[in-house]
Amino acid sequence: MADLHAACVDLPPPDHAASQAIAAREAILTKPAGSLGRLEELVAWLGAWQGRATPSLERVRIVIFAGNHGVVRQGVSPWPASVTAQMVGNFSADGAAINQLAHIADATLTVIPMADLAPTEDFTLAPAMTIPAFLDAVTAGYAAVDANTDLLCLGEMGIGNTTAAAALAAALFGGTGRDWAGRGAGLDADGVAHKAAIIDIALARHATCCDDPLVAAQTLGGYEMAGIMGAVLAARHRRIPVLLDGFVCSAAAAPLRRLNPMGLTHTSLSHRSAEAAHHALAGFMGLNPLLDLGLRLGEASGAALAVPLLRAALACHTGMASFADAGVSERT
């Protein structure tokens with residue numbers, strides 16, 4: 001854990017020379033300064049983390065981590081835990097939403113079943129993972145990141161994982177189960193209230209051991225969430241920009257933000273989930289979502305949808321003419 005903590009704190013900075021070169025080109029393109037808004041910011045962000053004055057999106061990779069949760073035995077989801085494995089099979093058969101979105105995004109898709117889909121412990125009774133199991137999951141996530149990647153999109157699949165995400169968010173940023181619990185995969189109002197109560201039980205049981213963000217992730221998270229955290233960390237060390245998906249993916253990355261205020265500057269939040277607490281979580285993490293489409297699917301669906309937006313931003317930056325080349329008069 002000490003080595004992991006050090007790796008989370010000692011992080012490379014962005015390449016400011018690349019972002020300055022991108023800004024200089026933006027200044028001479030045939031448009032009013034800043035008129036493409038966040039599209040301009042996205043190109044600068046890509047370049048700063050790729051270390052290139054001309055960013056590339058040739059090698060876009062989507063990685064989904066799948067995992068099961070022992071807390072499902074407490075009735076926090078209307079779906080049985082067996083659905084996790086069934087959906088992993090559906091991903092492999094090209095039958096899920098993310099498969100179609102990956103095709104549209106022109107991205108490769110990898111699905112990683114964590115811990116052979118064995119469930120974590122029920123965290124109302126014990127820590128979700130032992131320290132060795134947690135570190136193994138983080139290491140697996142770290143190893144899943146191909147250094148030859150221009151943009152990494154991350155997502156998850158795991159019945160019960162919005163309960164784990166809500167509990168982890170509460171441990172990291174304060175509040176109760178009621179503040180963080182949402183509908184997840186389709187709970188009604190009574191189900192959400194029960195879910196909140198289960199989260200409060202877990203928070204009370206583990207109150208004395210969650211001051212450390214990594215211990216909180218080990219105690220209240222899941223194998224797939226630890227994998228996401230490891231992948232986000234690997235991307236930072238390898239200077240790869242990352243698109244985060246929704247509530248669970250954000251919560252999985254949140255310990256890195258708590259350990260280092262600059263720990264997630266290489267990430268962009270693809271969308272604001274319909275999960276009720278995601279807006280608050282994004283605020284705590286300093287992330288401004290690119291899209292707001294009412295999604296609550298997971299699977300990296302929002303991250304995949306944001307890829308064409310980044311491709312559009314890059315196309316404008318690289319393809320537009322300058323004022324001089326186009327013979328267009330500049331502002332006086």
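Remark: the chain projects, on average over all directions, an area of 16.6 nm² (convex hull of Cα atoms). Scaled against 2.2 N^0.38 Å for its residue count N, the alpha carbon radius of gyration of the range 100-177 is 1.33. Remind me, relative contact order of the range 140-229 in percent, using alpha carbon pairs under 8 angstrom and six or more residues apart? In percent, rounded to a whole number, it is 37.
For trypsin sites (Lys or Arg not before Pro), the sites in the range 237-332 that DSSP calls loop and that have at most 13 other Cβ atoms within 10 Å are 331. Taken per residue, the accessible surface of the range 161-252 reaches 29 Å², heavy atoms only and a 1.4 Å probe.
Here the scattering of the range 148-214 is modelled by Debye summation over its C-alpha atoms, one equal scatterer each and no solvent; at q = 0.12, 0.17, 0.29 Å⁻¹ the log10 of I(q)/I(0) is -0.36, -0.63, -1.27. FRET efficiency for the pair residue 82 and residue 131, taken as 1/(1 + (r/R0)^6) with r the Cβ-Cβ distance and R0 = 22 Å, rounds to 0.20. Beyond 11 Å, the tail of the calculated P(r) for the range 26-75 holds 78 percent of the Cα pairs.
Find how much the distance from residue 316 to residue 94 grows on full extension, using 0.36 nm per residue of separation minus their present alpha carbon separation; answer in nm with one decimal.
Working: separation 222, 0.36 × 222 = 79.92 nm, distance 3.18 nm.
That works out to 76.7 nm of additional length.
Once the chain from residue 116 to residue 25 is taken as fully extended at 0.36 nm per residue, the excess over their C-alpha distance is 27.9 nm. Taking 0.36 nm per residue of separation and subtracting the Cα-Cα distance, full extension of the segment from residue 201 to residue 73 would add 44.7 nm. Sorting the Cα pairs of the range 85-233 by distance into bins of 10 Å, from 0 upward, gives 11, 36, 34, 16, 2 percent per bin.
In this simple spin-label approximation, residue 16 and residue 293 carry label points 7 Å from Cα along the Cα→Cβ vector, and these lie 3.6 nm apart.
The longest stretch of the chain left intact once loop-based GluC sites (Glu not before Pro) with at most 16 other Cβ atoms within 10 Å are removed from consideration, loops following DSSP, is 122-329.
The mean sequence separation of alpha-carbon pairs under 8 Å and at least six residues apart, normalised by the residue count of the chain, gives a relative contact order of 24 percent. Calculate what fraction, in whole %, of the accessible area of the chain sits on carbon and sulfur atoms when a 1.4 Å probe is rolled over the protein chains. For the chain, the apolar C and S fraction of the accessible surface comes to 56 percent. How large is log10 I(q)/I(0) at q = 0.19, 0.26, 0.27, 0.31 Å⁻¹ when the Debye formula is applied to the Cα atoms of the range 231-284, each weighted equally and without solvent? The Debye formula, applied to the Cα set alone, gives -0.59, -1.06, -1.13, -1.36.
The values are calculated or read from the model by the stated rules, or taken from the named source; none is laboratory data. Note that the structure is predicted; figures quoted are calculated from it, not measured. Methodologically, a virtual Cβ is constructed for each residue, glycine included, from the backbone with ideal geometry; neighbour enumeration extends over all protein chains shown. These area figures cover heavy atoms from the full protein model, side chains too; ligands, DNA and RNA do not enter into them. Shrake-Rupley method; radii C 1.70, N 1.55, O 1.52, S 1.80 Å.
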